[in-house]
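Below is one structure, written out as structure tokens; comments come after it.
The values are calculated or read from the model by the stated rules, or taken from the named source; none is laboratory data. Since the structure is predicted, the reported quantities are computational estimates derived from the model, not experimental observations. For neighbour counting, all protein chains shown are included, and Cβ atoms are generated from backbone atoms with ideal geometry for every residue, glycine included. With ligands, DNA and RNA removed, areas are computed over all heavy atoms of the protein, side chains included. Shrake-Rupley method; radii C 1.70, N 1.55, O 1.52, S 1.80 Å.
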Amino acid sequence: MEAIFKPVDPDWSRKPYFDYFYYTIKTKYNITHQIDITCLLEELRLRKLKFYPSFLYVILRVVNQNEAFRMAFNEQGQLGQWNYVLPSYTIFHQDDQTFSDIWSDYHEEFHKFYESLLSDMVKYKDVKGIKAKANRPPNFCPVSALPWLSFSSFSQDTYSESSLLYPIIRFGKFYEQNGKMFIPFSVFVNHAVADGYHTSKLINEVQNFAKDVKNWIGL
């Protein structure tokens, strides 16, 4: 799929809000929610599919359905949005307890996405360094997992200016509660592009898409 960047319209209705939260008070925020993955896990276990690439598919499908989370600046400093973003995610090296970032191509169809990620995970599993796969395209969504902990909240901060507008997504160890399986899911958001409405919509759609697994997982 060709990546296409479209600058925002001069009459973009959100421009005053973007300017306020990007230039004036420079606000970012985190929201953490517990996602019910009971149906998703049951279907994956039935089909003997791995959870990590499958849940990354759920996340990227939903992110790509929401314009607010495809916003970015291009190399010329223009504000706009990509027609899609691809997954930029972490793999863990058990031998020395370090991690590496890699990225994979985006495919809207589940099995193509799944096989693409599995292929890259195998190829780069022993490649050390923060950025194990070079030449990451500019249209990406950063996602990582903390499979060792079921957390109820997650926050992060940085001490330098950043022009990153994409959401930074984290999820933790899934757990059982009242006969259902849940996973902590956290989204770090630049308020310039997304208010509470947009982030709540994203999280609710991740929940709904995970429950709707039988309608998209295919044969």
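Observations on the model:
- Residue match in the range 4-14 (condition: within 20 Å of the chain's Cα centre (by Cα), in a strand (DSSP E or B), surrounded by 13 or more Cβ atoms within 10 Å (Cβ to Cβ) and not basic (K, R)): yes
- Qualifying positions in the range 67-77 - buried (at least 18 other Cβ atoms within 10 Å of the Cβ) and either more than 22 Å from S104 (Cβ to Cβ) or without any contact (Cβ under 8 Å) to a residue 12 or more places away in the chain (or both): A68
- Residues satisfying the stated conditions in the range 27-48, i.e. surrounded by fewer than 16 Cβ atoms within 10 Å (Cβ to Cβ), in contact (Cβ under 8 Å) with a residue 24 or more places away in the chain and part of a loop (DSSP other than H, G, I, E, B): T27
- Restricted to the range 163-204, the set of strands (runs of 3 or more DSSP E) holding at least 2 residues that are crowded, with 20+ Cβ neighbours inside 10 Å comprises 168-172, 180-190.
- Exactly one residue out of S100, S119 is in a helix (DSSP H, G or I) and at pLDDT 95 or above: that is S119.
- Test result for F151, part of a strand (DSSP E or B), at pLDDT 95 or above and closer than 28 Å to A68 by Cα: no
- Restricting K133, K214 to residues that are over 18 Å from V85 (Cβ atoms) and either surrounded by 13 or more Cβ atoms within 10 Å (Cβ to Cβ) or not β-branched (V, I, T) (or both) narrows the list to K214.
- Subset of the range 138-162 [more than 27 Å from I217 (Cβ to Cβ) and either open to solvent by less than 90 Å² (accessible area, probe 1.4 Å) or in contact with a helix residue (DSSP H, G or I) (Cβ under 6 Å, 6 or more places away or on another chain) (or both)]: P138, F151, S153, F154, Q156, T158, S160, S162
- Restricting the range 78-110 to residues that are farther than 21 Å from A132 by Cβ and open to solvent by less than 50 Å² (accessible area, probe 1.4 Å), the residue that is farthest from the chain's Cα centre (by Cα): L79
- Residue within the range 55-66 that is open to solvent by 80 Å² or more (accessible area, probe 1.4 Å) and either more than 18 Å from Y197 (Cα to Cα) or part of a strand (DSSP E or B) (or both) present: no
- For the range 205-216, the criterion of being farther than 24 Å from I4 by Cα, assigned to a loop (DSSP other than H, G, I, E, B), charged (D, E, K, R) and over 16 Å from the mean Cα position of the chain (by Cα) is met by at least one residue.
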